[in-house]
1. When both residues are 6+ apart or on different chains and their Cβ atoms are under 7 Å apart, which pairs have a first residue that lies in the stretch 27-56 and is on the phi > 0 side of the Ramachandran plot, and a second that is surrounded by 11 or more Cβ atoms within 10 Å (Cβ to Cβ)?
2. Before we move on, is Pro23 at pLDDT 95 or above and part of a loop (DSSP other than H, G, I, E, B)?
3. Just to be sure I understand, how many residues within the stretch 55-71 are over 16 Å from Glu11 (Cβ atoms) and open to solvent by less than 60 Å² (accessible area, probe 1.4 Å)?
4. Taking the stated definitions as given, is Glu52 farther than 15 Å from Ala14 by Cα, part of a helix (DSSP H, G or I) and in contact with a Gly (Cβ under 9 Å, 6 or more places away or on another chain)?
5. Of everything in the stretch 58-79, what is part of a loop (DSSP other than H, G, I, E, B) and modelled with pLDDT under 90? Give them in sequence order.
Amino acid sequence: MQHRTTNLDGEILALGDPRLRWPSKAIPDARAAGVRALAGRMHEVLAEFRAERGFGRALSAPQIGRRVRMVAFRARAWLS
């Protein structure tokens, strides 16, 4: 899975960044190894953000420089 905007080295793009308005592509095969790797990375970034700042519920792939339609969520344990 390629579709990178740039190498962000951990930077999370915030609301208002024009790169978040760039078109993103659909993921053709959600079972692909690259998709699983990206999902894992997104959850890592979200966990790091929460540990540093104490808040954060979701992260989109474009926020970490990947131009694909994918979102990682962190829900409370009571929802499971």
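The values are calculated or read from the model by the stated rules, or taken from the named source; none is laboratory data. What you are looking at is a predicted structure, and each value in this text was computed from that prediction instead of being measured. Note that we place each Cβ from the backbone using ideal geometry, even for glycine, and neighbour counts take in every protein chain shown. To get the accessible areas, we keep the full protein, side chains included, count just its heavy atoms, and leave off ligands, DNA and RNA. Shrake-Rupley method; radii C 1.70, N 1.55, O 1.52, S 1.80 Å.
1. Listed pairs, sorted by first residue: Gly56/Leu46; Gly56/Phe49; Gly56/Arg50.
2. On the way: at pLDDT 95 or above: yes; part of a loop (DSSP other than H, G, I, E, B): yes.
For Pro23, the condition - at pLDDT 95 or above and part of a loop (DSSP other than H, G, I, E, B) - is met.
3. Let us first name the residues in the stretch 55-71 that are over 16 Å from Glu11 (Cβ atoms), namely 55, 57-58, 68-71.
Within this subset, residues satisfying the condition of being open to solvent by less than 60 Å² (accessible area, probe 1.4 Å) are 58, 68, 70.
Residues that pass the stated criteria total 3.
4. Working: farther than 15 Å from Ala14 by Cα: yes; part of a helix (DSSP H, G or I): yes; in contact with a Gly (Cβ under 9 Å, 6 or more places away or on another chain): no.
When the stated conditions are applied, Glu52 does not pass them.
5. Let us first name the residues in the stretch 58-79 that are part of a loop (DSSP other than H, G, I, E, B), namely 65, 67, 69-70, 74-76.
Hits for the stretch 58-79 are Arg74, Ala75, Arg76.
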